[in-house]
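First the structure, in the form of structure tokens, and then the observations on it.
Computed from the coordinates by the stated procedures, all read-outs in this text should not be read as laboratory data. What you see is a predicted model; the values in this text were computed from it and never measured. Note that we place each Cβ from the backbone using ideal geometry, even for glycine, and neighbour counts take in every protein chain shown.
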Amino acid sequence: MSDGDLRIGFVGCGGIGNHHLKVWESIPGAKVVAVCDNQPERAARAGEEHGAEVFTDMVEMLARADVEAVDICTPSGLHAEQGIAALESGRHVLVEKPIDIDLAKIDRLIDTADARNLKLSCIFQYRFSPEIQEARRQIQDGRLGRLLSCSTYVKWFRKQDYYSADAWRGTWALDGGCLANQGVHSLDQMTWMAGPVAEVEYAHIETVERDIEAETFGIAVVRFENGARGVVEGTTNCYPGFPTRTQIFGTKGSAEFDGNTVKSFKVEGEEIDLASSKPKDGDASSDPMALGLGGHAAQMLDFVQAIRTGRPVLCDGRSARVPVDCLNKIYRKAGVTGKIGA
């Protein structure tokens with residue numbers, strides 16, 4: 001670690017947390033100096049592997065004066081609460097997706113970051129490839145014409161033992177179901193490309209053959225603020241699991257995305273082909289640990305550089321709120337009230 005490294009305090013040393021810790025090892029100008037987990041054995045293992053001081057209480061970790069930023073990888077329903085605590089202690093915050101599942105808590109988190117003039121970013125790694133970003137620029141510039149439809153599909157597979165591994169998984173208070181956990185990346189991609197959802201016209205959710213509170217299958221029809229419509233379909237019941245798909249078309253062309261890769265981008269009468277030449281960055285459709293890390297690395301580097309230069313992060317709190325707003329509208333239309341984030 002050099003004197004100029006951004007010193008990271010890390011919270012949540014479980015599955016996705018281990019991915020983050022591996023990525024931080026490769027990020028120039030940053031170093032994890034403290035790790036925290038409420039399971040002492042897990043915290044101790046992470047601390048030993050990454051040469052960091054070990055904590056089991058986040059408040060105690062925040063008392064370490066040299067921590068400049070906090071990376072939060074705990075259950076979704078804790079994100080805003082822990083992020084606010086970190087911001088109020090004067091630290092920048094990076095949080096895993098979703099930014100939280102409760103919109104009121106998200107708003108307090110965003111307001112706290114604004115009031116403290118601190119960086120707040122949420123991991124949505126599907127945004128972080130040059131081809132994806134260029135495709136969005138083309139869409140925003142109207143190259144596909146008037147947008148008519150944008151739909152997203154997340155047909156993945158998770159066995160009961162995935163949910164049974166941690167008590168928070170599939171609960172309304174801390175997780176939500178397949179749309180909130182596995183599907184929120186695609187909800188983000190859909191709304192990042194086509195804009196915010198104004199209304200959910202139809203929604204159905206159900207829990208199929210899994211012992212959890214929230215849904216393992218959901219489908220909805222949405223209307224965007226720009227007038228386009230689309231379908232959202234998500235499940236963890238689809239054996240063996242298919243690649244994600246986000247499809248968008250307008251009056252002049254169409255595009256299709258799989259995670260952070262462009263499968264197709266065509267404009268009628270023009271020689272435009274933005275299809276990605278690189279292979280997909282991992283596929284978690286049937287195995288959550290098969291997640292690729294390239295998108296995470298690009299976003300974490302962006303977070304570090306934004307702090308050091310003072311420029312905005314590429315995925316800030318307000319931007320990360322948009323897919324959760326869509327999610328909450330789907331749940332409300334499906335008749336889920338007073339549960340999520342409660």
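Of the trypsin sites (Lys or Arg not before Pro) in region 147-246, the ones in a loop by DSSP (not H, G, I, E or B) with at most 16 other beta carbons within 10 Å are K159.
3J(HN,Hα) along region 222-230, derived from phi through the Karplus expression 6.51 cos²θ - 1.76 cosθ + 1.60 where θ = phi - 60°, amounts to 10, 10, 7, 4, 7, x, 5, 10, x Hz, with x in place of Gly and Pro.
Over 26 Å apart at the Cα level, from the set K97/K329; K155/K263; K97/K155; K97/K266, are K97/K266. Of the DSSP H helices in the chain, those that are both long (alpha-carbon extent of 18 Å or more along the helix axis) and hydrophobic (Kyte-Doolittle mean at least 0.0) are 294-309.
Please state the relative contact order of region 79-220 as a whole percent: Cα pairs under 8 Å, 6+ residues apart? Don't skip to the end; give the middle numbers.
Details: 160 pairs, mean separation 29.1, N = 142.
Answer for region 79-220 is 20 percent.
Expressed as a rounded percentage, what relative contact order does region 1-153 have, with Cα pairs under 8 Å and six or more residues apart? It would help to have the intermediate numbers written out before the result.
On the way: 238 pairs, mean separation 27.0, N = 153.
About 18 percent, as a whole number.
Can you tell me the relative contact order of the chain? Whole percent, Cα pairs under 8 Å, sequence separation 6 or more. For the chain, the relative contact order is 19 percent.
Residues D66, D5, arranged from fewest to most other Cβ atoms within 10 angstrom of their Cβ, appear as D66, D5. Computed from backbone phi with θ = phi - 60° and the Karplus coefficients 6.51, -1.76 and 1.60, the 3J(HN,Hα) list for region 212-217 is 9, 6, 8, 7, 10, 8 Hz; x is used for glycine and proline. If one computes P(r) from the Cα atoms of the chain, what percent of pairs lie at distances over 33 Å? Result: 25 percent of Cα pairs exceed 33 Å.
Roughly how big is the chain's charge dipole about its Cα centre, with Cβ charges of +1 (Lys, Arg) and -1 (Asp, Glu), in debye to the nearest 20?
820
Remark: Y239, Y163 ranked as Y239, Y163, counting other beta-carbon atoms within 10 Å and listing the fewest first.
Each listed q (0.14, 0.15, 0.16, 0.20 Å⁻¹) maps to a log10 I(q)/I(0) for region 113-198, found by the Debye formula over equal Cα scatterers with no solvent: -0.71, -0.78, -0.85, -1.06. Rounded to whole numbers, the Karplus 3J(HN,Hα) couplings from phi for region 246-251 are 10, 10, 9, 9, x, 6 Hz, using 6.51 cos²θ - 1.76 cosθ + 1.60 with θ = phi - 60°, and x at Gly and Pro.
By DSSP, the beta bridges lying fully in the chain are antiparallel in about 60 percent of cases.
Under 5 Å between amide hydrogens, built in the peptide plane, is the criterion, and for D100 it picks out nothing among residues at least 5 positions away or on other chains. The simple Förster model, with R0 at 45 Å and r as the Cβ-Cβ distance, assigns Y202 and Q39 a FRET efficiency of 0.60.
Label sites at W168 and E213, each approximated as a point 7 angstrom past Cα along Cα to Cβ, lie 1.3 nm apart.
Taking neighbour Cβ counts within 10 Å as the exposure measure, how do V59, V67 sort from fewest upward?
Exposure proxy ranking, most exposed first: V59, V67.
Dipole of region 102-199 computed with +1 at Lys/Arg Cβ and -1 at Asp/Glu Cβ about the Cα centre; of I132, L120, L103, farthest Cα towards the positive end is I132.
In deg cm²/dmol and to the nearest 500, what is the mean residue ellipticity at 222 nm of the chain if only DSSP H runs of at least 4 residues count, each as -39500 (n - 2.57), divided by the residue total? After summing the helix terms and dividing by residue count, I get -9500 deg cm²/dmol.
Mean projection of the alpha-carbon convex hull of region 63-206 over all orientations, in nm²?
Numbers: hull surface 45.6 nm².
Over all viewing directions, region 63-206 projects a mean Cα-hull area of 11.4 nm².
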